[in-house]
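Engineer: Sharing a structure with you now.
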Amino acid sequence: MSSTETKCPLYKKCGGCQLQNLSYSRQLSFKQVKVIKLLGRYHHVNEIIGMEHPYHYRNKVQAAFGERKGEIISGVYQSSTHNIVPMDSCLIEDEKADEIIVTIRKLLKSFKLRAFNDATMRGFLRHVLIKRGFLSGQIMVVLVTSSSEFPKESQFVNALLSRHPEITTVVLNVNNKLTSLVLGEESRVLYGSGYIEEELCGCRFRISPKAFYQVNPIQTQVLYGKAMEFAGLTGKERVLDAYCGTGTIGIIASKNAKEVVGVELNGDAVKDAQVNAGLNNVGNISFFEDDAGRFMVKAASKGDKYDVVIMDPPRAGASLDFLKSLVFLSPEKIVYISCNPETQARDLSYLTRKGYKVRKIQPVDMFPHTEHVETVALLYRQ
């Protein structure tokens with residue numbers, strides 16, 4: 001494919017895949033240069049790890065529903081707008097998920113159900129969220145509606161399951177507020193268990209409608225594999241998993257660590273993490289609902305020592321308070337996983353001024369055709 005051709009007819013309208021006008025090898029070069037510019041001053045940057053098949057990698061697919069000229073449409077919001085770009089399939093989304101969304105759109109019409117209208121706050125279906133376990137094969141369908149009243153509910157679910165018997169659970173989620181958030185507070189299981197399970201790095205994880213789980217399972221395996229390689233655990237280390245979410249990295253690390261402690265501010269994520277630890281029969285991990293920075297200060301004040309801190313902060317990077325707490329705790333090694341090398345560069349600047357030295361940097365292409373790039377950095381205390 002030449003640098004100006006795109007495979008997607010909606011490339012310019014949608015705006016989700018900013019780099020699709022470049023061949024995949026040129027996308028990887030673009031990201032490599034970006035990471036070197038931002039992080040190269042701290043250490044040599046390893047060659048970015050790309051995907052063998054950089055299409056249909058997203059295991060989580062979200063479609064917005066609306067109406068246009070009396071017809072129900074579904075698709076994605078145009079970048080930075082609330083306009084729906086109608087689509088039946090997407091080059092980076094799971095193909096089975098896209099098929100199910102098209103079926104739901106057709107069923108709405110046959111069941112005489114309306115799509116939600118933001119302007120009038122009327123209509124029934126707002127979004128469909130689908131999560132699929134690539135290894136487990138399990139599929140969750142979440143119907144996000146404006147009301148808990150679902151006319152012909154059981155007939156609709158049966159019709160959907162008869163067309164897609166591979167669906168393992170269907171959940172109704174009610175969002176009746178004018179908000180940009182997809183999911184509301186209230187959920188009800190219509191079929192199955194209300195969650196799916198997936199395997200990652202030899203461990204099992206439960207994924208609920210609201211649980212965060214990396215959207216590219218193939219590259220997540222690569223990314224977390226690199227993080228574990230950098231951590232170099234021998235079975236003797238105490239490990240702190242800061243921003244631990246649903247416990248994914250900590251549970252994977254627990255196989256080769258003496259003890260792992262996970263810290264997370266989101267209470268629902270902590271509950272999921274505890275369930276996940278049970279699923280994997282892990283006895284050497286514990287989770288705390290707390291601000292990671294506060295937790296580290298308390299730990300250091302009590303004389304608690306951690307050999308390795310694994311951190312995977314949000315796009316905004318770590319807060320200054322967190323970094324101060326990290327230096328105060330002063331672990332031997334820090335493994336910093338980042339979804340934004342710009343904020344990681346800022347944070348590395350602070351840590352290298354405070355006695356840490358960067359030993360390794362590895363970029364991983366988690367989101368082919370987009371500008372995003374993930375990186376793992378290893379730091380040692382000098």
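Rule-based calculations on the coordinates, nothing more; no lab input. This is a predicted model, so every value here is computed, not measured. Because the Cβ atoms are built from the backbone with ideal geometry, glycine has one as well, and the counts that use them run over all protein chains shown.
Engineer: Go ahead and set up a Gaussian network model of the chain, Cα springs under 10 Å, then flag whichever of Leu181, Leu233, Leu129 fluctuates most.
Structural biologist: Among Leu181, Leu233, Leu129, the largest GNM mean-square fluctuation belongs to Leu181.
Engineer: Moving on to the next point. List every residue whose amide H lies under 5 Å from the amide H of Leu190, counting only residues 5 or more places away in sequence or on a different chain, with H placed 1.01 Å from N in the peptide plane.
Structural biologist: Val170, Val171, Leu172
Engineer: Apply the Karplus parameterisation 6.51 cos²θ - 1.76 cosθ + 1.60, with θ equal to phi minus 60°, to every residue of region 62-70 and state each ³J(HN,Hα) to the nearest whole Hz, in sequence, with x for glycine and proline.
Structural biologist: 10, 10, 8, 10, x, 10, 9, 6, x
Engineer: Calculate how large, on average over all directions, the projected area of the Cα convex hull of the chain is; give the answer in nm² to one decimal.
Structural biologist: Its average projected convex-hull area is 19.3 nm².
Engineer: What is the diffusion coefficient of region 262-313 in µm²/s, taking the Kirkwood radius over Cα pairs and the Stokes-Einstein relation at 25 °C with a viscosity of 0.890 mPa s?
Structural biologist: D = 203 µm²/s.
Engineer: Further question on the same structure: For the chain, take the longest principal axis of its alpha carbons; what is the angle in degrees between that and the long axis of helix 341-353, to the nearest 10 within 0 to 90?
Structural biologist: Relative to the chain, helix 341-353 is tipped by roughly 20 degrees.
Engineer: Computed over the Cα atoms of region 1-118, what is the ratio Rg over Rh, Rh following Kirkwood?
Structural biologist: 1.09
Engineer: What order do you get for 55-68, 314-327, 366-379 when each peptide is scored by the mean count of other beta carbon atoms within 10 Å, highest first?
Structural biologist: 366-379, 55-68, 314-327
Engineer: Between Ile249, Ile361, Ile72, find the one with the highest GNM mean-square fluctuation for the chain; connect C-alpha pairs within less than 10 Å.
Structural biologist: Of Ile249, Ile361, Ile72, the Gaussian network model singles out Ile72 as fluctuating most.
Engineer: Here's another thing I want to ask about it. Working from Cα positions, state the angle (0 to 90°, nearest 10) between the long axis of helix 292-301 and the longest principal axis of the chain.
Structural biologist: The angle comes out at about 30 degrees.
Engineer: To make sure I understand the rule: partners must be lysines, Cα under 25 Å from the Cα of Lys31, and not fewer than 8 residues away in the same chain. Which ones qualify?
Structural biologist: Partners within reach: Lys7, Lys12, Lys13, Lys60, Lys226, Lys357, Lys360.
Engineer: I would also like to ask the following. If you stretched the chain out fully between Glu52 and Glu342, how much longer would it get, using 0.36 nm times the residue separation minus the C-alpha to C-alpha distance?
Structural biologist: Extra length available between Glu52 and Glu342 comes to 101.8 nm.
Engineer: Now for a different question. Once you have the alpha carbon radius of gyration of region 60-200, what is it after dividing by 2.2 N^0.38 Å, with N set to its residue count?
Structural biologist: Here the answer is 0.99, to two decimals.
Engineer: Mind jotting down a quarter of the surface of the convex hull over the alpha carbons of region 215-311, in square nanometres, one decimal?
Structural biologist: Details: hull surface 24.3 nm².
Averaging across all directions leaves 6.1 nm² for the Cα convex hull.
Engineer: A further question follows. Using only Cα atoms and rounding to the nearest 10 degrees, what angle (0 to 90) does helix 320-329 make with the longest principal axis of the chain?
Structural biologist: Around 40 degrees separate the two axes.
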